[in-house]
Amino acid sequence: MEISSDLQGIAHALQWAAKGLFTTAPNPRVGCVVVKDNLIIGEGYTQPAGQAHAEVQALDDAARRGFDVRGATVYVTLEPCSHHGRTPPCADALIKAGVARVVAAMADPNPLVAGQGLARLRAAGIKVVSGVMEHEARELNIGFFSRMQRGKPWVRMKAAASLDGKSVLHNGRSQWITSQAARDDGHWWRARACAVLTGIGTVMEDDPQLNVRAVDTPRQPRRIVIDSHLQINPDARVLEGGGTWVVAARQDSDKAARLHERGAEIILLPNAHGKVDLPALMLELGRRQINELHVEAGFKLNGSLIREACVDELLLYLAPSLIGDAQGLFDLPALDTLDGKRPLSFHEVKQIGPDLRILARFI
């Protein structure tokens, strides 16, 4: 493939970055392309944590192909790192390789990097360009940016409803309002998240697995259950395989022992009202390196998360049907005036099978 512009080079690098959509966390999804004489000679993307970053992958790919990278241009979707983490600095690898030019989509928000990688390249005499397709690069790593800049994950709340906004019938039935295509698409969004969160009500009523089944993924997201009073059944399917975090507001030593036997960890975060402190939980998840949090819960927990300003965007699937008097999506208080409405902006609207998928972000 021939690369004749910086825009084309970064666009191709973004395609490679997307290959790590399900695997790079807690690291960002980064792609890299090495170009010489307008021809691609090396390509790569960041591997799972502790393994090679995109730049090293691309340089190694060029070497395997028998190409000399000296004097080449490197296109990378995020500023090359300049610090020793689990791997050595990528900026140093590029300098050592003798490349002539580096084009980055954007600077790294990580305080350990934050422009230092690009500065190191410039100091070594490498020409540097930054800010090409920055919006697209940021969107790909929106959770990583959230954690670096706000100390908490990007929270995406998924819900499905009829066109009149109803999610559960008066008798409690809800399967299935939307199509198989919409449900499969929802699993894709689960797969890209670091963790999937639900409430104890959903666990007790539906006994969900809360894992990814409809798409192929090399890793399953962490499962988190909000359970203020530790009501969860130790035999619940959400605990299968271990690793589930149960977030509670009070301790119960007997229940805790049984949950630990199932491989679960209890996180105690009470608020003044004897419930889980949701804003504190978001900060705790940031400390635990959760980039993207996917919420699939009932209308009560949905409402609580929105009221506590813990949600960044809504992922709504609307079916072309009307089901009348039934339960809505969010338990929110009645308003006396429209001044109290919570504004959102439509980020994306797309048809999935017969249903409509709306991605709306809180303003």
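Just the residues that are surrounded by fewer than 23 Cβ atoms within 10 Å (Cβ to Cβ) and in contact with a strand residue (DSSP E or B) (Cβ under 9 Å, 6 or more places away or on another chain), please, taken from the stretch 44-54. Scanning the stretch 44-54 gives a single hit, A52. Taking first residues from the stretch 307-324 that are farther than 16 Å from A161 by Cβ and aromatic (F, W, Y) and partners that are at pLDDT 95 or above and open to solvent by 20 Å² or more (accessible area, probe 1.4 Å), no Cβ contact under 9 Å between residues at least 6 apart in sequence or on separate chains turns up.
Yes/no per residue for (1) out of contact with any Gly (no Cβ under 6 Å at 6 or more places or on another chain); (2) open to solvent by 50 Å² or more (accessible area, probe 1.4 Å):
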position	(1), (2)
T77	no, no
C81	no, no
A105	yes, no
P111	yes, yes
L118	yes, no
L121	yes, no
G125	yes, yes
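When the helices (runs of 4 or more DSSP H) confined to the stretch 47-162 are screened for residues that are within 19 Å of the chain's Cα centre (by Cα) and under 27 Å from P218 (Cβ atoms), those reaching at least 3 such residues are found at 134-140, 142-150. Only one of the numbered conditions (1) at pLDDT 95 or above; (2) open to solvent by less than 60 Å² (accessible area, probe 1.4 Å); (3) of a type outside the set (D, E, K, R) is violated by V168, and that is (1). In the stretch 85-92 there is no residue matching the filter, namely being in contact with a helix residue (DSSP H, G or I) (Cβ under 6 Å, 6 or more places away or on another chain), without any contact (Cβ under 8 Å) to a residue 60 or more places away in the chain and open to solvent by 10 Å² or more (accessible area, probe 1.4 Å).
For A182, are the conditions met, namely being touching a residue at least 40 places away in the same chain (Cβ under 8 Å), open to solvent by less than 30 Å² (accessible area, probe 1.4 Å) and either more than 24 Å from the chain's Cα centre (by Cα) or more than 17 Å from L314 (Cβ to Cβ) (or both)? Considered against the rule, which asks whether it is touching a residue at least 40 places away in the same chain (Cβ under 8 Å), open to solvent by less than 30 Å² (accessible area, probe 1.4 Å) and either more than 24 Å from the chain's Cα centre (by Cα) or more than 17 Å from L314 (Cβ to Cβ) (or both), A182 comes out as no. Exactly one residue among L283, L293, L335 is under 24 Å from D207 (Cβ atoms) and either touching a helix residue (DSSP H, G or I) at 6+ places or on another chain (Cβ under 7 Å) or surrounded by fewer than 16 Cβ atoms within 10 Å (Cβ to Cβ) (or both), and that residue is L293.
Of everything in the stretch 185-211 that is open to solvent by less than 10 Å² (accessible area, probe 1.4 Å) and in a loop (DSSP other than H, G, I, E, B), the residue that is nearest to R156 (Cα to Cα) is A193. Of the residues making up the stretch 21-34, not a single one is in contact (Cβ under 8 Å) with a residue 24 or more places away in the chain and open to solvent by 50 Å² or more (accessible area, probe 1.4 Å).
The values are calculated or read from the model by the stated rules, or taken from the named source; none is laboratory data. Only a predicted model underlies this, so the values are computations on that prediction, with no experimental measurement involved. When we count neighbours, we look across all protein chains shown, and the Cβ atoms used for this are built from the backbone with ideal geometry, even at glycine. Accessible surface areas use protein heavy atoms only, side chains included; no ligands, DNA or RNA. Shrake-Rupley method; radii C 1.70, N 1.55, O 1.52, S 1.80 Å.
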